[in-house]
1. Could you grab me the full set of residues in the range 278-306 that are assigned to a loop (DSSP other than H, G, I, E, B) and within 14 Å of Val48 (Cβ to Cβ)?
2. Residues Ile321, Ile255, Ile315, Ile269: which one is buried (at least 17 other Cβ atoms within 10 Å of the Cβ) and out of contact with any helix residue (DSSP H, G or I) (no Cβ under 7 Å at 6 or more places or on another chain)?
3. Of all residues in the range 61-81, which are touching a residue at least 12 places away in the same chain (Cβ under 8 Å) and in a helix (DSSP H, G or I)?
4. Is it the case that Val85 is buried (at least 17 other Cβ atoms within 10 Å of the Cβ) and either within 16 Å of the chain's Cα centre (by Cα) or β-branched (Val, Ile, Thr) (or both)?
5. Only one of these is closer than 23 Å to Ile312 by Cβ, touching a residue at least 12 places away in the same chain (Cβ under 8 Å) and of a type outside the set (A, V, I, L, M, F, W, C): Arg218, Arg227, Arg199. Name it.
6. Can you name the condition, by its number, that Asp76 falls short on among (1) in contact with a His (Cβ under 9 Å, 6 or more places away or on another chain); (2) of a type in the set (D, E, K, R); (3) over 22 Å from Val160 (Cβ atoms)?
7. When you check Gly288 against the structure, is it surrounded by fewer than 21 Cβ atoms within 10 Å (Cβ to Cβ), over 20 Å from Ala304 (Cα atoms), out of contact with any Lys or Arg (no Cβ under 6 Å at 6 or more places or on another chain) and not acidic (Asp, Glu), yes or no?
8. Can you spot a residue in the range 108-128 that is of a type in the set (D, E, K, R), under 25 Å from Tyr185 (Cα atoms) and surrounded by fewer than 16 Cβ atoms within 10 Å (Cβ to Cβ)?
Amino acid sequence: MKLTRRRALAAALGAPAVLVATRGRAQTQSWPQRPVKLIVPFGPGAGVDIGARLIADRLPARWGKPVVIENRPGADGLVAIQSFVSANDDHTLFCTPSGSFTVHPYQYEKLPYTPADLVPIARISNTILGVGVPAAMNVGTVKEWVERARAEPGKFNAAVVPGITEFTFDYFIKTAELSVQKVPYRDIVQAATDVGEGRLQIYMASYAILQPQAQAGRIKTLVVNGRKRAPILPDIPTASEAGFPSLEVEGLVGIFGPRGIAGDLREKIGADVKAVASDPAIAEKLAGTAQVPNPGGPAEFAEAVEEQRARIAKIAQALGIKPKQ
């Protein structure tokens with residue numbers, strides 16, 4: 001009798017957990033119940049925006065609901081992040097390069113969010129980043145450029161896309177022991193023209209920005225910054241291959257969900273986005289925006305983001321930059 005009573009009590013105590021798990025699975029299976037919003041921290045036509053739209057166009061076939069893009073550019077991604085965090089809704093997702101916010105703790109005294117507010121769900125692609133110099137300089141490698149810069153200290157001007165790209169460039173300058181003047185730009189895209197015309201001696205940015213001047217023969221792309229060579233630029237070495245690993249940085253782009261998103265739902269969205277991002281037709285279109293497909297699920301993306309955070313912390317320490325929070 002006592003044994004039967006214990007079993008009944010154990011079953012009763014375990015029932016709420018089973019009920020919660022069952023309810024969670026049911027909610028995941030019924031998701032989405034309305035249109036899904038995908039917030040992008042750039043304006044229409046940016047590489048990340050194009051990638052987000054390619055993904056968004058194919059997800060309704062799997063989800064049975066529309067996926068709507070909302071562009072929220074401005075303030076180094078803070079406008080978009082604040083909009084995303086404020087929504088606090090599992091039908092609102094965030095598509096962004098992780099490098100646009102992993103440097104925030106070193107840039108701002110106060111942030112309207114914490115890292116836990118952005119939960120990695122799916123990796124989509126890697127933006128191709130590159131280092132360009134004026135073709136008229138007649139240097140063919142980073143090593144040659146460094147030798148020229150050392151021979152003329154303080155005479156070379158540089159432009160760099162803010163964020164993780166700038167952190168990486170500053171680390172390169174410090175480790176190479178160079179004296180280079182950075183020129184601020186309100187619109188960093190305009191710097192490509194100045195490089196092509198020789199007013200700047202080096203520029204680190206996404207290859208999509210460098211590409212028009214490079215194709216016109218006015219900019220020489222010395223390296224790409226990722227770990228692997230870019231398929232659309234097979235003859236251009238990586239920074240590590242060129243002997244300057246300090247210039248290495250991955251342009252991770254993916255989708256994030258809100259804090260507290262159910263684990264089952266996170267896995268479901270991640271698997272669906274990964275499957276869609278693996279479509280060869282998407283790969284071809286991403287190549288046109290200087291992106292390399294790199295689909296991955298929640299665990300893969302989370303690991304890559306943490307690796308990036310660790311590298312930023314290492315760079316910040318080397319540069320003497322402490323977190324501002």
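1. Gly288, Thr289, Ala290
2. Ile269
3. Result: Arg62, Trp63, Asp76, Gly77, Leu78, Val79, Ala80, Ile81.
4. For Val85, the condition - buried (at least 17 other Cβ atoms within 10 Å of the Cβ) and either within 16 Å of the chain's Cα centre (by Cα) or β-branched (Val, Ile, Thr) (or both) - is met.
5. Arg227
6. (3)
7. When the stated conditions are applied, Gly288 passes them.
8. Checked the range 108-128: at least one residue is of a type in the set (D, E, K, R), under 25 Å from Tyr185 (Cα atoms) and surrounded by fewer than 16 Cβ atoms within 10 Å (Cβ to Cβ).
The values are calculated or read from the model by the stated rules, or taken from the named source; none is laboratory data. None of these values were measured; they are calculated from a predicted model. No Cβ is skipped: glycine too gets one built from the backbone with ideal geometry, and neighbour counts run over all protein chains shown.
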